[in-house]
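Worksheet for the structure shown next.
Each value in this text was obtained by applying a stated rule to the coordinates, not by laboratory testing. A quick note: this is a predicted structure, and the numbers were derived from the prediction, not measured. Every residue, glycine among them, receives a Cβ derived from its backbone with ideal geometry; neighbour counts consider all protein chains shown.
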Amino acid sequence: MDCLFCKIINGEIPSQLIYEDEQVYAFHDIDPKAPIHFLVIPKKHIATLNDMQTSDEPLIGHCVFTAQRLAKELGCQDGFRVVMNCNELAGQSVFHIHMHILGQRQLQWPPG
Ligand code: AMP
Ligand code: ZN
């Protein structure tokens with residue numbers, strides 16, 4: 001499958017790994033928008049949030065808990081933001097779902 005993040009998961013493309021287990025893979029964003037900016041992705045290829053199935057619910061929950069744990073480990077215990085962009089209209093550029101975790105700076109609201 002011609003998917004950038006599937007290639008990262010299987011090691012075809014290098015990444016700055018933070019954590020992985022059977023279900024998820026977490027790595028630093030290549031173009032960080034905050035002092036801490038990492039991505040948590042399921043190892044299962046799901047193109048967009050619109051393609052999630054009911055059976056994916058525990059997997060997504062595991063992604064969220066992984067994000068929370070790693071955010072704390074990386075020094076973002078005072079606050080961090082989790083973002084998931086769905087489709088081009090929301091700015092999605094890689095079509096394998098991913099959670100952005102941003103921290104260690106004051107974040108503004110609303111986002112652009
Ligand atoms: P989105 O625009 O929400 O689809 O986010 C995709 C993210 O993937 C962007 O923040 C990119 O900087 C990031 N990205 C693209 N290629 C790589 C890569 N090879 N390694 C790490 N992050 C990447
Ligand atoms: Zn993929």
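When you scan segment 21-58, how many residues do you find that are within 12 Å of ligand 1 (Cβ to nearest atom), in contact with an Asp or Glu (Cβ under 7 Å, 6 or more places away or on another chain) and part of a loop (DSSP other than H, G, I, E, B)?
Result for segment 21-58: 0.
Restricting to segment 1-17, give me the number of residues that are in contact with a Phe, Trp or Tyr (Cβ under 6 Å, 6 or more places away or on another chain) and more than 10 Å from ligand 2 (Cβ to nearest atom).
3
Name the one entry in Gln106, Gln92 that is closer than 20 Å to Cys3 by Cβ and assigned to a loop (DSSP other than H, G, I, E, B).
Gln92
Here are some residues: Leu70, Leu107, Leu74, Leu89. Which one is more than 25 Å from Ile13 (Cβ to Cβ), in contact (Cβ under 8 Å) with a residue 12 or more places away in the chain and away from ligand 2 (no atom under 16 Å from the Cβ)?
Leu107
Filtering segment 1-49 down to residues that are basic (Lys, Arg) and in contact with a strand residue (DSSP E or B) (Cβ under 8 Å, 6 or more places away or on another chain), which residue is nearest to Phe65 (Cα to Cα)?
Lys43
Mind listing just one residue for me: the one in segment 7-20 that is surrounded by fewer than 17 Cβ atoms within 10 Å (Cβ to Cβ) and within 12 Å of ligand 1 (Cβ to nearest atom) and, of those, farthest from Lys72 (Cα to Cα)?
Of everything passing the filter in segment 7-20, Glu12 is farthest from Lys72 (Cα to Cα).
Quick one: Pro58 ticks every box in (1) within 21 Å of Glu22 (Cβ to Cβ); (2) surrounded by 14 or more Cβ atoms within 10 Å (Cβ to Cβ); (3) without any contact (Cβ under 8 Å) to a residue 40 or more places away in the chain bar one, so which box is it?
(2)
I'm checking my understanding of the structure. Among residues of segment 21-35 that are hydrophobic (A, V, I, L, M, F, W, C) and surrounded by fewer than 19 Cβ atoms within 10 Å (Cβ to Cβ), which one is nearest to Val82 (Cα to Cα)?
Ala34
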